[in-house]
1. Kindly evaluate D190 against the criterion of being charged (D, E, K, R), modelled with pLDDT of 95 or more, open to solvent by less than 10 Å² (accessible area, probe 1.4 Å) and in a helix (DSSP H, G or I).
2. Please enumerate the residues belonging to region 75-89 that are closer than 22 Å to V319 by Cβ and either surrounded by 22 or more Cβ atoms within 10 Å (Cβ to Cβ) or touching a Lys or Arg at 6+ places or on another chain (Cβ under 8 Å) (or both).
3. On the given criteria, is R102 modelled with pLDDT of 95 or more, in a loop (DSSP other than H, G, I, E, B) and of a type outside the set (D, E)?
4. Are any of the residues in region 337-353 assigned to a strand (DSSP E or B) and among the basic types (K, R)?
5. Search region 311-333 for residues being surrounded by fewer than 19 Cβ atoms within 10 Å (Cβ to Cβ) and over 16 Å from the mean Cα position of the chain (by Cα), and hand back the single one that is nearest to G389 (Cα to Cα).
6. Find the residue count for region 258-282, including only residues that are assigned to a strand (DSSP E or B), without any contact (Cβ under 8 Å) to a residue 40 or more places away in the chain and farther than 17 Å from P330 by Cα.
7. Considering A395, A361, A381, which residue is assigned to a helix (DSSP H, G or I) and more than 25 Å from the chain's Cα centre (by Cα)?
8. Here's a check for you: in region 354-380, which residue that is small (G, A, S) and more than 16 Å from A403 (Cβ to Cβ) is least open to solvent (accessible area, probe 1.4 Å)?
Amino acid sequence: MTRGRATAPPRARDPVRRCRRAGSIEQRPTTPVAFAVTCVFGALCACKGPRDAPSQDPPAAPVPARDAAAPDADLDACRAAAARLPGLPPAQRAAALIDGCRPCGDWQPLLTWNTLETDGGPSRAAIERALVACRAFCEPGARQRFLGTLDAARGQDTRGPWRYLGEICKAAVSAVPDSRFMGAPYFALDRIARALGGPGGDPALVAAIELPLPALGINGVGVDLPRAAGPPTGAEAGPPALTVYVDEIQLGALPRATLSATGVAVSGDYPGTSIAPAKLAAALARGPAAVLAPRLLPAARIAEVVAAAGGGHDLRLAVAVPGPGGWAIPTALPVALGSRSAAHGVRLALGSDAAAAIAQARAAPAADLTRDPPVIAIDRAATVDGLAGLLGALAVRGVTSVALTASPAPPRPRKP
């Protein structure tokens with residue numbers, strides 16, 4: 001449900017423009033006037049709610065006592081699920097934990113809340129029952145706000161009801177210092193952490209759990225990354241991360257979650273701060289760094305950033321691996337990006353259609369591909385999506401590093 005354009009991100013000082021940022025996973029007001037009206041009349045949501053929230057919340061229907069089911073306190077299953085996590089690729093761990101640990105019943109009505117009932121999604125009553133069973137509502141106002149905005153949000157590109165829940169309940173649902181991650185998967189992790197780390201649980205086991213989270217800014221917006229072509233590998237993105245746009249580079253650390261008896265704690269300052277290309281080499285650490293970019297961004301831009309970073313840095317392009325409840329977890333392709341080409345490296349031409357370059361990579365002898373880093377000559381029409389597909393095909397052939405070159409940018413027309 002993400003949308004993205006190959007443009008620079010708006011600055012934080014302009015919330016209207018920031019709401020229109022590429023790769024948004026939330027709906028935003030369509031005009032500055034609409035945004036202002038939302039802020040004036042939607043003070044309860046701190047101007048952060050979706051445009052489809054109704055101005056008046058219908059009363060929440062009471063949940064019969066029989067529907068407020070007793071939590072499933074099978075902590076043995078939770079312990080077993082947590083113990084399996086270290087053997088899984090990082091991008092699969094959150095889904096595995098949520099699937100194997102259900103301290104308050106089946107997560108499915110919450111994970112699929114956004115699918116309309118007419119399209120096979122859960123009923124409103126099933127969503128409400130699951131929330132009550134998990135004791136989601138810290139106060140009556142949280143229940144009213146969530147359920148009052150639920151119907152209008154379903155089927156839309158928004159997490160509005162969950163963001164409201166986070167704004168109202170804050171630490172009670174681990175929505176601190178902000179609610180950017182609030183959604184069904186994050187809520188499930190919060191409830192799992194409290195159950196597994198609390199009385200009768202295993203605090204030491206839960207404290208060892210560390211999970212990658214979607215790469216979201218403070219307003220809940222994420223870059224529309226290229227999709228992973230196959231099952232995720234063991235490669236992990238970051239934590240240092242370069243987010244690349246047409247005219248801006250940001251350097252920060254990808255978000256990660258740790259669990260405890262008090263819920264979920266998030267580390268990382270993603271997306272970080274803007275950095276000039278000339279300062280990249282000095283600012284980057286020597287360890288691996290993920291490169292995040294909108295999938296429709298010209299791939300030549302990645303070559304420019306890699307060249308600006310200079311040699312000695314392990315830069316790897318990030319792709320999105322599907323996670324629970326629609327999450328997109330950034331995972332690094334296991335191919336280091338460089339700019340120095342070897343004399344005998346196989347040359348691959350990447351244009352607007354990556355199929356030809358991928359076919360060439362698959363047909364080349366493995367010995368030729370692995371003897372020296374292949375050289376990818378990037379045409380100005382090539383996209384990050386195509387580059388990710390080619391790098392994935394090379395990784396399957398055993399390639400661990402490539403050199404990127406880009407055709408010169410066309411000269412700008414002179415003003416008359």
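1. Values: charged (D, E, K, R): yes; modelled with pLDDT of 95 or more: yes; open to solvent by less than 10 Å² (accessible area, probe 1.4 Å): yes; in a helix (DSSP H, G or I): yes.
Yes; evaluated as a whole, the condition is true for this residue.
2. If the condition is that a residue be closer than 22 Å to V319 by Cβ and either surrounded by 22 or more Cβ atoms within 10 Å (Cβ to Cβ) or touching a Lys or Arg at 6+ places or on another chain (Cβ under 8 Å) (or both), then L85 is the only one that fits.
3. Numbers: modelled with pLDDT of 95 or more: yes; in a loop (DSSP other than H, G, I, E, B): yes; of a type outside the set (D, E): yes.
Taking the combined requirement at face value, the residue satisfies it.
4. Of all residues in region 337-353, those assigned to a strand (DSSP E or B) come to 337-338, 347-350.
If we keep only those that are among the basic types (K, R) too, we end up with 347.
Scanning region 337-353, I find at least one residue that is assigned to a strand (DSSP E or B) and among the basic types (K, R), so the answer is yes.
5. The selected residue is D314.
6. Taking region 258-282 as the starting set, the residues that turn out to be assigned to a strand (DSSP E or B) are 258-260, 263-267, 273-274.
Filter again for without any contact (Cβ under 8 Å) to a residue 40 or more places away in the chain, leaving 267, 273-274.
After this cut, where a residue has to be farther than 17 Å from P330 by Cα as well, the list is 273-274.
So the answer is 2.
7. Within the list A395, A361, A381, the selection yields A361.
8. Here is the first cut: in region 354-380, the residues small (G, A, S) are 354-357, 359, 361, 363-364, 366-367, 377.
Cutting the leftovers down to more than 16 Å from A403 (Cβ to Cβ) gives us 354-356, 359, 363, 366-367.
Values: A354: 15, A355: 59, A356: 71, A359: 57, A363: 82, A366: 47, A367: 68 Å².
Looking at the filtered set, the residue picked out is A354.
The values are calculated or read from the model by the stated rules, or taken from the named source; none is laboratory data. Every value quoted in this text rests on a predicted model; they were computed, and no experiment measured them. Positions of Cβ are backbone-derived with ideal geometry, glycine not excepted, and every protein chain shown enters the neighbour counts. Protein only, heavy atoms only, side chains kept; ligands, DNA and RNA dropped before computing areas. Shrake-Rupley method; radii C 1.70, N 1.55, O 1.52, S 1.80 Å.
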